[in-house]
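Okay, so here's the structure we're looking at.
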Amino acid sequence: MVTLAVEFTTSRMLQTVYGTSNIIWANVIGLVLLFLTVGYFLGGWLADRYPQARVFYSLVTLAGFCAVFFLLLTSVILRSASAALAAVNVGPVVSSLVGVIVAQAVPITLLGGIAPFAIRLGVREVGEAGRISGRIYAVSTWGSLLGTYLPVLWVLPTLGTRVTAVIFGSLLLFVGLGGLVQTSR
């Protein structure tokens with residue numbers, strides 16, 4: 001859910017500076033896919049190296065914090081950064097690419113690491129790997145549906161970009177912190 005909310009929030013931020021052309025959307029979607037790919041590899045590696053719930057919830061907490069932090073940071077610096085890049089004659093394609101990288105590289109990569117880690121922790125025997133991974137991806141897809149429609153139809157138009165970043169990042173942050181508290185007991 002948070003991955004899609006971050007994606008739509010980033011596109012909304014870029015829209016105020018660069019518009020909504022297909023090139024801007026290609027930058028947002030393409031880089032989300034790239035960062036998720038890196039996150040899947042890193043999350044799988046981390047899960048095999050440290051298969052502990054505490055490490056998993058630390059990853060979730062860090063992803064939530066970074067979703068809020070980097071989106072708010074991008075919101076603050078986007079206009080001045082776009083002016084600076086325009087001054088050195090960098091076009092909107094490259095300039096928006098830099099904006100997307102700042103907003104999404106860290107949080108989306110961390111978010112990508114969550115699913116393989118959850119699968120690693122959920123599978124106790126090889127015979128249940130399909131069922132467990134199927135459940136995790138089903139929940140993930142439902143979250144993606146919520147992350148698509150909730151921000152676009154209600155949160156972004158009603159509360160704005162910064163509040164949307166705080167809401168969705170904080171949701172993940174609280175889930176991670178709750179998991180850390182639970183695993184420390």
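The C-alpha atoms of the chain define a longest principal axis, and helix 161-184 lies at about 20 degrees to it.
Over the chain, what percent of the accessible surface lies on carbon and sulfur atoms, probe 1.4 Å?
Here carbon and sulfur together make up 69 percent of the probe-accessible area.
Angle of helix 22-49 to the longest C-alpha principal axis of the chain, folded into 0 to 90 degrees and rounded to 10: 30°. Using only the alpha-carbon atoms, how far is helix 2-18 inclined from the longest principal axis of the chain? Give it as 0 to 90 degrees, nearest 10. Once rounded, one gets 10 degrees. Legend: translational diffusion of the chain by Stokes-Einstein, Rh = Kirkwood radius over C-alpha pairs, 37 °C, 0.692 mPa s; D = 193 µm²/s. Find out how many positive minus negative residues lie around Gly179, taking Lys and Arg as positive, Asp and Glu as negative, among other residues whose Cβ is under 12 Å from that of Gly179. Once positives and negatives cancel, what remains is +2. Spacing of the modelled spin labels on Trp45 and Thr16, each 7 Å from Cα toward Cβ, amounts to 3.6 nm.
Of Val55, Val38, the residue with the largest accessible area leads and the full order is Val38, Val55 (1.4 Å probe).
With a cut-off of 12 Å between beta carbons, the residues surrounding Thr164 carry a summed charge of +1, where Lys and Arg count +1 and Asp and Glu -1. Here the calculated FRET efficiency for Thr183 and Ser140, from their Cβ-Cβ distance with R0 = 30 Å, stands at 0.90, rounded to the nearest 0.05.
The values are calculated or read from the model by the stated rules, or taken from the named source; none is laboratory data. This structure is a prediction, so every number in the text was calculated from the model and none was measured. Cβ atoms come from the backbone with ideal geometry, glycine included; neighbour counts cover every protein chain shown. With ligands, DNA and RNA removed, areas are computed over all heavy atoms of the protein, side chains included. Shrake-Rupley method; radii C 1.70, N 1.55, O 1.52, S 1.80 Å.
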